[in-house]
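As structure tokens, the structure follows; a few thoughts come after it.
FYI, it's all coordinate maths here, none of it is from the lab. This one's a predicted model, so the numbers in the text were calculated from it and none came from an experiment. Here Cβ is always computed from backbone atoms with ideal geometry, including for glycine, and neighbour counts include all displayed protein chains.
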Amino acid sequence: MPHTRRPAVGYLTTVAAAGLFAVNGTVSTLALQAGIPPTWLTALRCGGAAVGLLAALALVSPQRLRLTWREVPFLAVFGVVGVALTQFLYFVAIGRLPVGIALVFEMTAPVGIALWVRLVRREPVRPRIWLALGLSLSGLVLVAQVWQGGGSLDPVGVGAGLAAAVCLATYYLMGERGTATRDPVALTTWTFVAAGLFWAVVAPFTARFDAGVLGERVPVSLGSLTLPLWLLVLWIVVLGAITPFWLSIAALRHLPPTTAGLVATVEPVFASVVAWLWLEQVLSGWQVAGGLVVLAGIALAQTARTRAAGPAPAPVPETPAPLSR
């Protein structure tokens, strides 16, 4: 029985996922400020999400977890670059930049994807990609306010945000290839397993972390309210990773990936509003304007790709929604 598409449901679930990802940026900032190093916060998020997704699929549809040895190298690279490093670099960025600004840098990934497709794959791309690139670069100049003595933003944070965009673009490109043979839910589950295993090995050697700190109560910038740090980490895993992931995947049953991607660009806007109300991270007028210009460029880039001409084009695989935020 064919599935009935309901665009309204797709829009609602995409916006809900973007909202949860946006709140997760602020919660993650609080966890970083409480003393969890970015490497360990990434390890906890990747490992927790991997356990949650594995448990869910094992209960609901265990046959989808079947794996062949030929898939392991691809999943390892996908998980390390597309998931582990994307999240780590994002956490570095939000530790040094306002959450909304960090997301603006990271979400330039679609522009890079369209350029890769045009320049490396030699696939046809609409001319609007050059306008998208110009808008994105112009917007980033405004966001960084480069006329203020070489820029008003932390250079390490900016570099981490742009590097996260490269890793996120890699996630999309590899995801497009991976979903040709495997469903998005199982694919993303195994990439999180690979990411979790990577950080389980790397994190202990890159940063010291006393697990006892998870039991300490930390201020959450809501009056005098304090919460145990482990509760913030639990939020990051369940409501900042697993739940928005399922919402994003559910949206792809009702919307094409390009449309879902365009709707998801509201995330930096949500993130800036949440950080402003919660953490009092105030952006300048130039930064707000620059962010809007970047989002316009992202929207154009999302619509720049075309199908290659041919007598019988194959269906375009749906790319799984990222879990980088």
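Some observations on this one:
- Hz values of 3J(HN,Hα) by residue in the range 125-137 - Karplus curve (6.51, -1.76, 1.60), Gly and Pro given as x: 9, 4, x, 5, 4, 6, 5, 4, 5, x, 5, 5, 5
- Taking 186, 58, 251 as the candidate residues, the one with maximal mean-square fluctuation in a Gaussian network model of the chain, Cα springs under 10 Å, is 58.
- Contact order for the range 168-245, expressed relative to its length and based on alpha carbon pairs under 8 Å spaced 6+ residues apart, stands at 14 percent.
- The chain - percent relative contact order, Cα under 8 Å, separation 6 or more: 40
- Spacing of the modelled spin labels on residue 284 and residue 68, each 7 Å from Cα toward Cβ, amounts to 5.6 nm.
- Radius of gyration and maximum dimension Dmax of the range 53-103, Cα, Å: 15.9, 43
- FRET efficiency, 1/(1 + (r/R0)^6) with R0 30 Å, evaluated for residue 154 and residue 230 via beta carbons: 0.55
- [x] 71, 44, 37; [y] 61, 46, 34; [z] 64, 52, 39, with the label sought being that of the calculated Cα extents along the principal axes in Å: [z]
- Listed peptides 98-107, 275-284, 24-33 appear in the order 98-107, 24-33, 275-284 once ranked by packing, highest mean of other Cβ atoms within 10 Å at the front.
- Estimated purely from DSSP H runs of n ≥ 4, each contributing -39500 (n - 2.57), the mean residue ellipticity at 222 nm for the chain is -21000 deg cm²/dmol once divided by its residues.
- Amide proton proximity set for residue 265, modelled H, under 5 Å, gap of 5+: none
- Selection among 110, 211, 223 by position relative to the dipole of the range 7-302 gives 110 as farthest towards the positive end (Cβ unit charges, Cα centre).
- Global geometry of the range 1-85, whether rounded, prolate or oblate, following the gyration tensor of its Cα atoms and the 1.5 cut on a/c: oblate
- Candidates per trypsin sites (Lys or Arg not before Pro) in the range 195-257, loop by DSSP, up to 13 other Cβ within 10 Å: 208
- Highest-first arrangement of 12-18, 220-226, 120-126, 167-173, where packing means the average Cβ count within 10 Å: 167-173, 12-18, 120-126, 220-226
- Gain on full stretching of the segment that runs from residue 120 to residue 58 - 0.36 nm per residue minus C-alpha separation: 18.4 nm
- Sequentially through the range 198-208, phi angles give Karplus couplings (6.51, -1.76, 1.60; θ = phi - 60°) of 4, 6, 4, 8, 7, 4, x, 9, 10, 7, 7 Hz, Gly and Pro residues having no value and appearing as x.
- Extended-chain gain in nm, criterion 0.36 nm per residue less alpha-carbon gap, residue 5 and residue 183: 62.3 nm
- Under 5 Å from the amide H of residue 218 lie the amide H atoms of 227, 229, each residue being 5 or more positions distant or on a separate chain, with H modelled from the backbone and absent for Pro and chain starts.
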